[in-house]
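Before anything else, here's the structure in question.
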Amino acid sequence: MAAPFTRVYRPLWRIITTTTSNGRVRNVSYTRQQWSAQNVKTAGAAASPWALHGAVCVQRLPVVSQDRSPIEEKFMELMQQMELERSLLADHELKLLDDAARMSRKQEEDYDSDEEEDYKDKEIVTAQDLEDVWEQKLKEFQPAPRTQGVNQKDVSSSERCLADSLILLVKKDIGSQKLWLLPQIQWQMGETLRQTAERALASLPGADLKATFLGNAPCGFYKYKYPKDIQKEGTVGAKVFFFKAVLSSHKHLPLEKNSFAWVKKDELQDFLKPEYLKQVRRFIMAL
């Protein structure tokens, strides 16, 4: 009978710290401080030549509905006519017919006044009396005017083009140039890219804007090189990560005209560079 076989397991730490056949010892264990120092050293050695930026695309949603086109007007009239033809009489319309029939019976020669016994102790209010009261209330009612906002050419105000969605642009100094961009700011150690984008919006001078961010992941990306006269040592350009947000509240004060602009999607080409515009158009919501 064969002797029983016993499998012997050795702990992993003993395997990786054991003495090799030539007598040397390989110790791969690290303390927390050693790992941290190693990570910092590795990160420093692999430092990117690109500066990270967080940017936010803030959209002001339409405030009023857009005007109907001629074909929409015709279709609306058709649907209203079809609804009228297929609808049943309302209670008020039935009351109008009942009142008209009662008045017609009163004018007949064989009219019997006993028919009015049911209304003897009641004040009779006809449907026509109700319509007269409603007509008077309608004359007193003043509906709010449908307006398209302030001057349509004043891009510094978010109250322009109320029937369209607007996008916030800011003017930035890039070297010797002044360029229109989405609000952006450089990333700082210890914060997420979304926090960077939120800080970019909060740090706009003279603006008190509150926005709802749509997600924690970037919706777009753009990379550009700095002009040679402002390139720092080891930094050649910027990588910008875009986040989408919807304007939720703001003070109704016009922003500085030369620094801020609220523009429609089809107006972006008048403000943004072609390559930058190409990336921005990929995530702009057409609302």
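The values are calculated or read from the model by the stated rules, or taken from the named source; none is laboratory data. Keep in mind that this is a model prediction, so the values were computed, not measured. We place every Cβ from the backbone using ideal geometry, glycine too, and count neighbours over all the protein chains shown. Please note that ligands, DNA and RNA were not included when accessible areas were found on the heavy atoms of the full protein model with its side chains. Shrake-Rupley method; radii C 1.70, N 1.55, O 1.52, S 1.80 Å.
Whose amide H sits under 5 Å from the amide H of D154, counting only residues 5 or more places off or on another chain, with H placed in the peptide plane?
Under 5 Å from the amide H of D154: no residue qualifies.
Turning to a different aspect of this structure: Could you tell me which of the pairs K232/K264; K74/K273; K210/K278; K74/K210 are separated by over 32 angstrom between their Cα atoms in the structure shown? It would help to have the intermediate numbers written out before the result.
Numbers: K232/K264 35 Å; K74/K273 41 Å; K210/K278 27 Å; K74/K210 40 Å.
With Cα atoms farther than 32 Å apart: K232/K264; K74/K273; K74/K210.
Tell me, what ³J(HN,Hα) does each residue in the range 189-195 have, in order and in whole Hz, if you take phi through Karplus 6.51 cos²θ - 1.76 cosθ + 1.60 with θ = phi - 60° and put x for Gly and Pro?
Values, residue by residue: 4, x, 10, 7, 5, 5, 4 Hz.
Moving on to the next point. Could you derive backbone 3J(HN,Hα) for the range 172-188 from the dihedral phi with the Karplus parameters 6.51, -1.76 and 1.60 (θ = phi - 60°), listing whole Hz in sequence and x where the residue is Gly or Pro?
Calculated HN-Hα couplings, in order: 10, 8, 10, x, 8, 9, 10, 10, 7, 9, 6, x, 8, 7, 6, 5, 10 Hz.
Which whole-number value in Å² is the accessible area per residue of the range 196-278, probe 1.4 Å? Mind dumping the intermediate values first?
Numbers: 4950 Å² over 83 residues.
Here the residues of the range 196-278 average 60 Å² of exposed surface.
Pop out the ³J(HN,Hα) list for the range 133-139 in order, Karplus 6.51 cos²θ - 1.76 cosθ + 1.60 with θ = phi - 60°, rounded to Hz; leave Gly and Pro as x.
Karplus values, whole Hz, x for Gly and Pro: 5, 5, 5, 5, 5, 5, 5.
Here's a follow-up. List every residue whose amide H lies under 5 Å from the amide H of W187, counting only residues 5 or more places away in sequence or on a different chain, with H placed 1.01 Å from N in the peptide plane.
Hits under the 5 Å cutoff: L52, H53, G54.
When the accessible area of the range 190-277 is split by element with a 1.4 Å probe, what percent falls to carbon and sulfur? Intermediate results must be reported in sequence, preceding the final value.
Working: 2640 of 5220 Å².
On the range 190-277, the fraction of accessible area on carbon and sulfur atoms equals 51 percent.
Let me ask you something else. For the range 54-96, report the translational diffusion coefficient in µm²/s to the nearest whole number, using Stokes-Einstein at 4 °C, 1.567 mPa s, and a Kirkwood Rh over Cα pairs.
On the way: Rh = 14.6 Å.
The calculation lands on 89 µm²/s.
Now for a separate question. What FRET efficiency, computed as 1/(1 + (r/R0)^6) with R0 = 35 Å and r the Cβ-Cβ distance, is obtained for K257 and K223, rounded to the nearest 0.05?
0.70
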